Amino acid sequence: MVRTQPVRDTVNVPTDTETLQIEFSEYIERSSLPQALSVTPTFEQRPQFSWSGRTVEIEFPTTLRDSTTYIFSLDATLSDAHGVSLDDPLTVAF
């Protein structure tokens, strides 16, 4: 992972933030992302994904809760375009 928007560990993210963008250092096997992603607290519906090159935009199905820390985890089932899985899970919290 190269960068995220909102930036990892940011506080006071506005509740009207609609997406999390993650830029990866390599091209990702897109079909592996939905299974690898877990979100806490969970949304009632699954987020939607939009891709542009090595960047994924994860669109939230609802507005964010006030005064709540969201944790987006990508487990080792996420793989790059060559089929290589993550060595360690990735976590983005804000």
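The values are calculated or read from the model by the stated rules, or taken from the named source; none is laboratory data. Here the structure is a predicted model, which means the values were calculated and not measured. With ideal geometry, Cβ positions are generated from the backbone for all residues, glycine too; neighbour counts draw on all protein chains shown. Areas reflect the complete protein model, heavy atoms only, side chains present, ligands, DNA and RNA absent. Shrake-Rupley method; radii C 1.70, N 1.55, O 1.52, S 1.80 Å.
Give region 9-39 a look and list any residue that's outside any strand (DSSP E or B) and farther than 22 Å from THR62 by Cβ, or say none.
Answer for region 9-39, where residues must be outside any strand (DSSP E or B) and farther than 22 Å from THR62 by Cβ: ASP9, PHE24, SER25, GLU26, TYR27, GLU29, ARG30, SER31, SER32.
Which residue, of THR68, THR42, THR62, is part of a loop (DSSP other than H, G, I, E, B), closer than 17 Å to ARG8 by Cβ, out of contact with any Asp or Glu (no Cβ under 6 Å at 6 or more places or on another chain) and of a type outside the set (Gly, Ala, Ser)? Don't jump to the end; show me each part of the working.
On the way: THR42 fails: closer than 17 Å to ARG8 by Cβ; THR62 fails: closer than 17 Å to ARG8 by Cβ.
Only one candidate qualifies: THR68.
Taking the condition of being among the basic types (Lys, Arg) and at pLDDT 95 or above, how many residues in region 17-64 meet it?
Of all residues in region 17-64, those among the basic types (Lys, Arg) come to 30, 46, 54.
Imposing the further condition that a residue be at pLDDT 95 or above reduces the set to 30, 54.
Here the count works out to 2.
Sort out which residues of region 6-41 are free of Cβ contacts under 8 Å to residues at least 12 places away in the same chain and either open to solvent by 100 Å² or more (accessible area, probe 1.4 Å) or basic (Lys, Arg) (or both), and write them in order of number.
ASN12
Just the residues that are in contact with a Leu (Cβ under 9 Å, 6 or more places away or on another chain), in a strand (DSSP E or B) and either among the polar types (S, T, N, Q) or within 20 Å of PHE43 (Cβ to Cβ) (or both), please, taken from region 71-94.
Across region 71-94, the qualifying residues are PHE72, SER73, LEU74, SER79, SER85, LEU90, THR91, VAL92.
Here's a check for you: in region 50-84, which residue that is surrounded by 14 or more Cβ atoms within 10 Å (Cβ to Cβ), within 12 Å of the chain's Cα centre (by Cα) and of a type outside the set (A, V, I, L, M) is nearest to SER25 (Cα to Cα)?
Within region 50-84, the match that is nearest to SER25 (Cα to Cα) is THR55.
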